[in-house]
Amino acid sequence: MLCRSCTRGTCRSLSTADERVEIECPVCDGEGCKECRDGVFELDGCPNLFCSQIISSLDLFELFQKGLPPITGGVLDQSIGFIEASQFFQAEEGKVRYERSSRNPDQG
């Protein structure tokens with residue numbers, strides 16, 4: 001998945017001449033429009049930086065789905081450090097579950 005191996009200081013998902021980073025155009029849903037090239041939008045630079053303006057909102061949506069709404073007493077009152085730590089541990093738990101299921105697919 002795009003940006004999974006990136007760190008805060010290093011992007012490992014940069015587009016190159018040999019390996020372009022492209023997504024379906026979000027304006028026309030891949031149909032083709034003046035904003036894209038044949039329904040594809042090429043990302044120049046770090047994909048995380050391209051999407052950085054909406055990342056915090058996406059985090060809030062994800063936490064809302066898990067029962068932590070962005071209201072007084074909810075996620076907006078939590079420190080960013082706590083939220084980042086929570087997301088880190090969720091990602092690590094996912095890695096462990098994946099590793100266990102790939103070693104022993106019958107016990108997924």
Per DSSP loop assignment and a cutoff of at most 16 other beta carbons within 10 Å, the chain keeps its longest run without exposed GluC sites (Glu not before Pro) at 36-108
Using just the helices of the chain, give the 222 nm mean residue ellipticity in deg cm²/dmol: DSSP H runs with n ≥ 4 each add -39,500 (n - 2.57), and the total is spread over all residues, rounded to 500. -14000 deg cm²/dmol
With a ≥ b ≥ c taken as the square roots of the eigenvalues of the C-alpha gyration tensor of the chain, please select rounded if a/c is under 1.5 and otherwise prolate if a/b is larger than b/c or oblate if it is not? oblate
Nearest 10, in degrees from 0 to 90: the angle of helix 80-103 to the longest Cα principal axis of the chain is 80
With axes computed from alpha carbons, what is the tilt in degrees of helix 47-65 against the longest principal axis of the chain, rounded to the nearest 10 within 0 to 90? 40
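Where a number appears in this text, it was derived from the coordinates with a stated rule and is not lab data. Here the structure is a predicted model, which means the values were calculated and not measured. Glycine also receives a Cβ, built like all others from the backbone with ideal geometry; neighbour counts cover every protein chain displayed.
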